[in-house]
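The values are calculated or read from the model by the stated rules, or taken from the named source; none is laboratory data. Values in this document were obtained by computation on a predicted structure and should not be read as measured data. Cβ placement follows ideal geometry from the backbone for every residue including glycine, while neighbour counts extend to all protein chains displayed. Side chains are part of the model used for accessible areas, which takes the heavy atoms of the whole protein and leaves out ligands, DNA and RNA. Shrake-Rupley method; radii C 1.70, N 1.55, O 1.52, S 1.80 Å.
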Amino acid sequence: METYDALLAAIAPTTGPSRTILDPATGTAVGEAPVHTVDDLERAIAAATAAQPAWAAAGHDARSAALLKAADAVERSAEELARLLSREQGKPLNGPNARFEVGACAAWLRVAATTPLEPETVVDDGETRAELHYRPIGVVGAIGPWNWPMMITVWQLAPALRMGNAVVIKPSEFTPLSVLALVEILNQELPGGLLTVVSGGRDVGEALAGHSGVGKIMFTGSTATGKAIIKSSAGTVKRLTLELGGNDAGIVLPDADPAAIAEGLFWGAFINTGQTCAALKRLYVHTDIYDAVCDALTAVAAAMPMGVGLDENNVLGPLQNRQQFDIVARLVDAARESGARVLLGGNPDAGQPGNFYPTTLVADIDNDNPLVAEEQFGPALPIIRYTTVEEAVAMANALDVGLGASVWSADPAAARSVAARLEAGTVWINKHGAVDPRIPFGGAKQSGYGLEFGTEGLKALGVPQVING
Ligand code: NAD
């Protein structure tokens, strides 16, 4: 698209009901989103069902070529996409935020397009020859959240398309414009009907999860909604990839250098202003260096500018919606009332427009405090003191979620041995939340099941078929 206005005009609804989407930083209108219904969903699934066989028959090379062109199209419109994402979601243009997210969309499309997936010969002993192939599923439903709306949509649709499927997307009600705009750009390079956005509410999500014409649901969102999707998909025995909530622990070992790790800890926790599934949400620090880590982290955090996303200076933004703001405020207030020590932040400016919650660090807090035990999903990090590694590991593993975790140490071997004891889908060492399109990503415990990214991610969007002859 040549301009931001042209992109907004291209996705504006021309018929049917619509809804005004407000900028979470200013409360001003961003644009109009269609309010789609279950009838619209039926039409999208019918179109996807019609378009899918030819796409499957085109083969991997043709599909990969189209996805590479789609990645180029995203890059051509990167600035317009980033501005819209920034206004709708709230995240700043700069820092690991809106421009970074649009860049990730192109990167994930390219890796999904170019990751090899050959049939595997499982047995070939002269008598039996068995090969494992991955056939297209058919129509895949993609249901996503509001925190990284464009990037997570690409995580879902890129491997699905590469594997020969059609995709029907149900974006979050909070961030439909970002997803509509992204798909408008992708569809410049894809056959009609193959990829459709149905911008509806929970009823549309539920109908998608229960639909007999849909073979798989890719879902990213809360654990509660994941459980609802398991139920509504049961009647059709749908395949599911569930990327659900997390409450990631980070453990700082006593040999770590507080000054050297402070910035990594900060971005591990505060990327996207804390609204990230695999962000560092509970920090466990050895008592010997507890005060030094608190001081170093406070110095880094205090220097990071928060404000309106389109201001090039800012690297932190508002909470995307008022519900999330209220969750963060309630958890920090309860922590303060329990006697925990607020090192930074904690007092939102009631007179300021928008959903801004200040960068907040809370020390001397018990492990069973709700700010530790619940997913805050915002810019408020609890820092818990420990004395033995056994105690830290037990506290980190105590919850029923396990998306990511991290260990921070000057000794990589020591860090790896602690990492092996943590119940999480990914354990990072001296970093947190660094996802990579080549490396499998998924949750342990109630953070979900199924892997995304890399070869494993492609396999998850195919039906395994053994040819035995
Ligand atoms: P949410 O579960 O409220 O909503 C996600 C999507 O599900 C939305 O599109 C919503 O309309 C839809 N939905 C709601 N009810 C439904 C139903 N009954 N059937 C089908 N669809 C339904 O999640 P959210 O608040 O948008 O996202 C925040 C949560 O997502 C956090 O818990 C976060 O940790 C998690 N998350 C996880 C990952 C990951 O990769 N594991 C990534 C990002 C966010």
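So what's the back-of-envelope 222 nm ellipticity for the chain, counting only DSSP H runs of four-plus at -39500 (n - 2.57) apiece and dividing by all residues, rounded to 500? Mind showing how you got there, number by number?
Values: 15 runs with 190 residues, N = 469.
Taking each H run of at least 4 residues, the total per residue is -13000 deg cm²/dmol.
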(message) Ignoring solvent entirely, what values of log10 I(q)/I(0) come out of the Debye formula for the chain at 0.06, 0.11, 0.12 Å⁻¹ when each Cα is a single scatterer?
(response) -0.27, -0.88, -1.04
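Before I look further, what does the range 179-336 give for accessible area per residue, probe 1.4 Å, in whole square angstrom? Before the final figure, lay out each step's value.
Values: 5260 Å² over 158 residues.
Per residue, the range 179-336 has 33 Å² of solvent-accessible surface.
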(request) Averaged over every viewing direction, what's the projected area of the C-alpha convex hull for the range 182-324? Give it in nm², one decimal, please. (result) 12.7 nm²
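Can you give the % of DSSP beta bridges in the range 248-436 that are antiparallel, to the nearest 5?
Working: 3 of 24 bridges.
Counting DSSP beta bridges with both partners in the range 248-436, the antiparallel share is about 10 percent.
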(message) Out of all DSSP beta bridges in the chain, what portion is antiparallel? Express it as a percent rounded to 5.
(response) 40 percent
(request) Find how much the distance from ASP124 to ASN468 grows on full extension, using 0.36 nm per residue of separation minus their present alpha carbon separation; answer in nm with one decimal. (result) 122.8 nm
(request) Report the accessible area of TYR4, computed with a 1.4 Å probe over the heavy atoms of all protein chains in place, in Å² rounded to the nearest 10. (result) 50 Å²
(request) Treat the range 377-439 as a sphere of radius equal to its Kirkwood radius over Cα pairs and apply Stokes-Einstein at 10 °C in a medium of 1.306 mPa s; give the translational diffusion coefficient in µm²/s, rounded to a whole number. (result) 124 µm²/s
(message) Could you work out the relative contact order of the chain? I mean the mean sequence separation of Cα pairs under 8 Å and 6+ apart, divided by the number of residues, in percent.
(response) 19 percent
(message) Quick check: net charge around VAL38, other residues with Cβ under 13 Å of its Cβ, Lys/Arg +1 and Asp/Glu -1?
(response) -2
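I'd like to know how the range 270-322 sits against the 2.2 N^0.38 Å rule of thumb: what's its Cα Rg over that expected value? Mind dumping the intermediate values first?
Details: Rg = 13.6 Å, N = 53, 2.2 N^0.38 = 9.9 Å.
Relative to the rule-of-thumb radius for its length, the range 270-322 sits at 1.37.
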(request) Using only alpha carbon pairs under 8 Å that are at least six residues apart, calculate the relative contact order of the range 248-436 and give it in whole percent. (result) 29 percent
(message) Considering only protein heavy atoms and a probe of 1.4 Å, how much of the accessible area of the chain is carbon and sulfur, as a whole percent?
(response) 54 percent
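Using the heavy atoms of the protein chains and a 1.4 angstrom probe, tell me the accessible area per residue for the range 341-469 in square angstrom. Kindly include the intermediate steps, with their values, before the conclusion.
Working: 5480 Å² over 129 residues.
About 43 Å² of surface per residue is accessible.
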(request) Give the value in nm², to one decimal: projected area of the alpha carbon convex hull of the range 258-370, averaged over all directions. (result) 7.5 nm²
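Just add up the charged neighbours of ALA392: K/R +1, D/E -1, any other residue whose Cβ is under 12 Å from the Cβ of ALA392. Working shown, then result.
Values: positive: ARG282, ARG385, ARG421; negative: GLU390, GLU391.
Charge balance in the 12 Å sphere: +1.
Give the ranking of MET304, MET151 by solvent-accessible surface, highest area first, calculated with a 1.4 Å probe.
Details: MET304 40, MET151 15 Å².
Ranked list, largest accessible area first: MET304, MET151.
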(request) Note down the accessible area of LEU344, probe 1.4 Å, to the nearest 10 Å². (result) 40 Å²
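So for the range 42-186, what are the equivalent ellipsoid semi-axes in whole Å, largest first, each being the square root of 5 times an eigenvalue of the Cα gyration tensor? Intermediate results must be reported in sequence, preceding the final value.
Values: eigenvalues 208, 59, 34 Å².
Semi-axis lengths for the range 42-186 are 32, 17, 13 Å.
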(request) Give the accessible area for SER18 in Å² (nearest 10); use a 1.4 Å probe, count only protein heavy atoms, and leave out ligands, DNA and RNA. (result) 60 Å²
(message) Keeping all protein chains in place and using 1.4 angstrom, which order do LYS216, LYS227 fall into by accessible surface area, from largest down?
(response) LYS227, LYS216
(message) Whole percent per 5 Å bin, from 0 to the bin with the longest distance: what is P(r) over all C-alpha pairs of the range 248-436?
(response) 1, 9, 18, 22, 22, 15, 8, 4, 1, 0
(request) Take every Cα-Cα pair in the range 111-160 and report what % of them are more than 17 Å apart. (result) 57 percent
(request) List every residue whose amide H lies under 5 Å from the amide H of SER406, counting only residues 5 or more places away in sequence or on a different chain, with H placed 1.01 Å from N in the peptide plane. (result) ALA249, GLY250, ILE251, TRP428
